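Student: The structure under discussion is supplied below as structure tokens; questions concerning it will follow.
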Amino acid sequence: MTPLLTADDLNHSHKFDEGNPLAEKNTLRVAVLTALMMVIEIAGGWHYNSMALLADGWHMSSHAVALGLSLLAYVFARKFAHDPRFSFGTWKIEVLGGYTSAIFLMMVAGLMIYQSVERLIAPSPIHYNQAIAIAIVGLLVNLVSAWLLKDGHHHQHDHAHGHDQHGHHDLNLRSAYMHVVADAATSVLAIVALFGGKLWGASWLDPVMGLVGAALVSIWAYGLLRDTGRVLLDAEMTVPVVAEIREVIAASPIKAQICDLHVWRVGKDKYACILSLAMVNGVSPEYFRQRLSIHDELVHITVEINQVDRHDQCKVAEAIADQPEFGMSQVDSL
């Protein structure tokens, strides 16, 4: 028999994510480096008439803004971690930072396309030696920035795989890390274009590489928008833990039918769920909470028990069997 709980037993913290202090510190360092290099590249590209260098500088400006947003997201998530106004913690502030930075990237990609097409239509002379030197310095800054962020990024990756294969990266850290990696790629493109123009007179390479860089930025931004948007909109019903919840209920010695199930993410690898069950023999919700608690990623579990007679339960089972998200496996468990 499930022991009775006191009110104190039911109290718990709503801080579901432990944060990432190392990532916050390194993000600050990278944001400062990126902002300095952004100013140098934009000024150099404008002065030496290099579209590839200018595009890389504008691209880096988006990274500077995005890194600033990532840093602010870490700060605000930490500052308001125990604020009771946030029912399920502050982790999604970090996700919102990643989503916003992706929007900035889309806007910068559009600007890069516009300027590159303009240079293709009306080419102008480029000061290759100076532009190449600035582009190489920019690449070195990007590599240093990636090195600063990689430890936290890979730590999160390894830590995620340690949680029954259901963990997720720190999306805010991923945003910062991928920004500098993408910027390193556009720096390489700028260097290739400038060398091509200097050695073989292929001045058209400069705006073409600007277009290629814009395409890379757009693809990356779309991926980040998709992943962060899914979290912000709680589109989590396809994650593996949902199937595991259903398996736990199906395997229970006390038979119950899932009437309603909601699962959403409240941390990097943490989920909350609300579960409504129909059953003939009443039992405490704590019984099912304890069975579900074997999954460490479930940190906030709410169970509702609806006691019905056997005839009504059969009707419930038949109705739910018609819902594709539940399927016959739950009906067979009755």
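The values are calculated or read from the model by the stated rules, or taken from the named source; none is laboratory data. All of these numbers come straight from a predicted model, not from anything done at the bench. Cβ coordinates were reconstructed from backbone atoms using ideal geometry, including for glycine residues, and neighbour counts include every protein chain displayed.
Student: Please tell me if GLY68 is surrounded by fewer than 23 Cβ atoms within 10 Å (Cβ to Cβ) and out of contact with any Asp or Glu (no Cβ under 7 Å at 6 or more places or on another chain).
Tutor: yes
Student: Does SER101 meet the test of being modelled with pLDDT under 75, buried (at least 22 other Cβ atoms within 10 Å of the Cβ) and polar (S, T, N, Q)?
Tutor: On the way: modelled with pLDDT under 75: no; buried (at least 22 other Cβ atoms within 10 Å of the Cβ): yes; polar (S, T, N, Q): yes.
When the stated conditions are applied, SER101 does not pass them.
Student: Specify which of the listed residues (VAL212, VAL263, VAL231, VAL242) is more than 30 Å from GLU118 (Cβ to Cβ), part of a helix (DSSP H, G or I), in contact with a Leu (Cβ under 9 Å, 6 or more places away or on another chain) and free of Cβ contacts under 8 Å to residues at least 60 places away in the same chain. Steps first, please.
Tutor: Working: VAL212 fails: more than 30 Å from GLU118 (Cβ to Cβ); VAL263 fails: part of a helix (DSSP H, G or I); VAL231 fails: free of Cβ contacts under 8 Å to residues at least 60 places away in the same chain.
After applying the criteria, what remains is VAL242.
Student: Sticking with this structure for a sec: For segment 268-287, give me each residue that is in contact with a strand residue (DSSP E or B) (Cβ under 7 Å, 6 or more places away or on another chain), surrounded by 18 or more Cβ atoms within 10 Å (Cβ to Cβ) and within 25 Å of ALA235 (Cβ to Cβ).
Tutor: Listed by number, the residues that qualify are LYS270, TYR271, ALA272, CYS273, LEU275, LEU277.
Student: Are any of the residues in segment 120-131 modelled with pLDDT of 80 or more, of a type in the set (A, V, I, L, M, F, W, C) and assigned to a helix (DSSP H, G or I)?
Tutor: For segment 120-131, residues modelled with pLDDT of 80 or more, of a type in the set (A, V, I, L, M, F, W, C) and assigned to a helix (DSSP H, G or I): present.
Student: Looking only at segment 285-293, decide whether some residue is polar (S, T, N, Q), touching a residue at least 12 places away in the same chain (Cβ under 8 Å) and either outside the structural domain of ASP170 (by TED's automatic domain parsing) or at positive phi (or both). Lay out the reasoning, then the answer.
Tutor: Within segment 285-293, the first condition is being polar (S, T, N, Q), and the residues that meet it are 290, 293.
Checking which are touching a residue at least 12 places away in the same chain (Cβ under 8 Å) leaves us with 290.
When the remaining residues are screened for being either outside the structural domain of ASP170 (by TED's automatic domain parsing) or at positive phi (or both), the result is 290.
Taking every residue of segment 285-293 in turn, at least one turns out to be polar (S, T, N, Q), touching a residue at least 12 places away in the same chain (Cβ under 8 Å) and either outside the structural domain of ASP170 (by TED's automatic domain parsing) or at positive phi (or both).
Student: Taking segment 55-86 on its own, how many of its residues are of a type in the set (Ser, Thr, Tyr), in contact with a His (Cβ under 9 Å, 6 or more places away or on another chain) and at pLDDT 75 or above?
Tutor: Of all residues in segment 55-86, those of a type in the set (Ser, Thr, Tyr) come to 61-62, 70, 74.
After this cut, where a residue has to be in contact with a His (Cβ under 9 Å, 6 or more places away or on another chain) as well, the list is 62, 70.
Remaining after also requiring at pLDDT 75 or above: 70.
Of the residues in that region, 1 qualify.
Student: Return the residue satisfying two criteria in turn: it lies in segment 166-203 and is under 22 Å from LYS268 (Cβ atoms) and among the charged types (D, E, K, R), and of such residues it is modelled with the highest pLDDT. Full working, then the answer.
Tutor: Start the filter on segment 166-203 by keeping residues that are under 22 Å from LYS268 (Cβ atoms), which leaves 166-182.
Narrowing further to those that are among the charged types (D, E, K, R): 170, 174.
Details: ASP170: 71, ARG174: 75.
This residue is ARG174.
Student: Moving on. Say we look at segment 222-259 and pick out the residues that are acidic (Asp, Glu) and over 29 Å from GLY110 (Cβ atoms); which of these is modelled with the lowest pLDDT? Lay out the reasoning, then the answer.
Tutor: Let us first name the residues in segment 222-259 that are acidic (Asp, Glu), namely 227, 234, 236, 244, 247.
Okay, now just the ones that are also over 29 Å from GLY110 (Cβ atoms), so 234, 236, 244, 247.
On the way: ASP234: 90, GLU236: 85, GLU244: 93, GLU247: 92.
Across segment 222-259, the extreme among qualifying residues is GLU236.
Student: Could you run through segment 288-334 and say how many residues are buried (at least 16 other Cβ atoms within 10 Å of the Cβ) and modelled with pLDDT of 85 or more?
Tutor: Final tally of qualifying residues: 13.
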